[in-house]
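I have placed the structure first, in the form of structure tokens, so that the comments after it can refer back to it.
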Amino acid sequence: MAAASPNLKSATIGGVSASAKSAAATSSTGMGGPAVSEAVVVGGGLAGLALAIGLRSIGIDAQVYEARSEVGGGEGTIISLFPNGLRALNRIDPAIVPQACEVNLIPLGVSDPTSLLLSPSGDVIAPWGYSATMTARYGLPMLSIRWRDVLDVLLGMLPNDAVHTGHRLEEITQKEAAGEGSNGEGNDSEGTVECYFRTVSCGNEHLVRVETPLLLGADGIHSQVRKHLLGREEGRNGSNEVAWEGVGPRDNGRTIWRAIIDSTLASHPLLKPRHIFALVGPGRTATISDAAAGRLYWAFTLVDSADPTVSSSRSSGGEEAREKILRAFEGWDAVTHLAQVTPPELILERRVLDLPPLPFWVKGRAALLGDAAHAVTPALGQGANLAFEDAAQLVECLRAHSGLSDALLAFQSIRMPRVQAVASQNIASSKKIYDGAEGGGRESDSSSKGIEAMPGESAGAATTGEPASAATPAEPAGAAASIAAGSVTGGKGGGGDGSDFYDYLYTFDTVSLTESAAGR
């Protein structure tokens, strides 16, 4: 999509006039509607687009600003939609999931392909029936869908003039109304956020000012909105703003390689249509999946300490990345075969990143969601699903609360505990997955204990080099070994917490105003 012209809220700094104040910043006079009628969403990835769709459905004119010259990303990645993510998308707009399934030729609610957990040599450890198990217990399946296809469906549900590409956020300034505190309390009918975006028009780079009553940061793990809300340097520009420590991405000591290729390129006897394979070994994981429409998806991860001979530095290109895979996965025949037949230009290499818990997600008239607030590694395959949950809950809070500060603080109080619980379980699962890595990649057979901690790092954790607006993609296998070990069917898995955690995870629904108020 070509860069859209900024709408009436924008004006060039240094031009004839500054941006107009938001025309209708409120409907909070007891009418029961949202506290604002307009919002700026920074980030044109899955989270940002889904949020914009939801906001517009309740009468909020959401305008999306994306730093890249076009809405895109997610190349070489598929996304797993679990029951909680599907339910969140259905809350946002019931048309999203059926359209995404139609694009991917995936029947909604049908059991997944034959799915097998394998040893590095290809021996079957355990089968699992992901969608069948999910549907039986939670009423919704697990679906593996191309990240890019979901993005295109979401983008197609928004009007062209609601998405502004080529706008990189440079600065924000919150202008409080009289009597309005920094926590957002006070007169919700006034006060705005000034956003300054750098863009190019007619070959000239300039700043554009956009003024809005509500700013929402859905711009990914490298979020510019988060930096402005939490990451200031102390005393910058003579201010007294607090410098928050540890609010940037942290490296998890792992590299991930992935690609989507023409399935006719692969001829290894292990690889079959309508199959998903997950292989796990000390410090290494691999997922190989039928990606529909004649495509095959693969993703391999390596812990740095598992093979010190493989450099953790970024490869210069696909050829070097391939050589790293061949060295790190020597003896994994299916993995090395795929690395050899994949065109080098399709091989993507990234570092696996996440975020530490943030002290807050809401500040005044601005809020964070998705990877911008809580990027996780995909040991549980929940990155994008959590982002969709955020969007659905934020829309519900804005719909139900007539005061903006009440709505945003309710969103934060509802979402932070759940996300922190999932993130903690995610970390515990990741540690189990890589227990064998400390020995520098020593050989060992996978046991039932290892099955409980099946890796999720097959399709793109929060990673360096990803578009800043992208919600973390999940992998097709996700918590596959937890399923194989019986965690979803009442056994003990996923960190030893039994089925209780997975029931909590997959039975997500938005919290209503009444429930939220009762819980305070």
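The values are calculated or read from the model by the stated rules, or taken from the named source; none is laboratory data. All values reported here derive from a predicted model rather than from experimental measurement. The protein model used for the area step is the full one, side chains on, heavy atoms only, and it has no ligands, DNA or RNA in it. Shrake-Rupley method; radii C 1.70, N 1.55, O 1.52, S 1.80 Å.
Could you list, in their original order, any pairs among Lys363/Lys431; Lys227/Lys432; Lys175/Lys227; Lys324/Lys432 whose Cα atoms are separated by more than 30 Å? As for pairs spanning more than 30 Å Cα to Cα, those are Lys363/Lys431; Lys227/Lys432. Counting heavy atoms of the protein chains alone, Glu171 has an accessible area of about 40 Å² for a 1.4 Å probe.
Using the 1.4 Å probe convention, the accessible area of the range 384-431 works out to 25 Å² per residue with neighbouring protein chains retained. Close amide H pairs (under 5 Å, H built 1.01 Å from N) link His164 with Val64, Tyr65, Glu66, residues at least 5 positions away or on another chain. For Glu38, nonlocal amide neighbours, meaning residues 5 or more places apart or on other chains whose placed amide H falls under 5 Å from its own, are Asp61. What a 1.4 Å probe finds exposed on the range 325-425 is 51% carbon and sulfur by accessible area, rounded to a whole percent. Here's how it looks for His275: its modeled amide H is under 5 Å from those of Asp290, which are all 5 or more places away or on a different chain. Starting from the Cα gyration tensor of the range 345-430, take the square roots of the eigenvalues, sort them a ≥ b ≥ c, and report rounded, prolate or oblate (rounded when a/c is under 1.5, otherwise prolate if a/b is larger than b/c, else oblate). Prolate, because a/c is 1.5 or more and a/b exceeds b/c.
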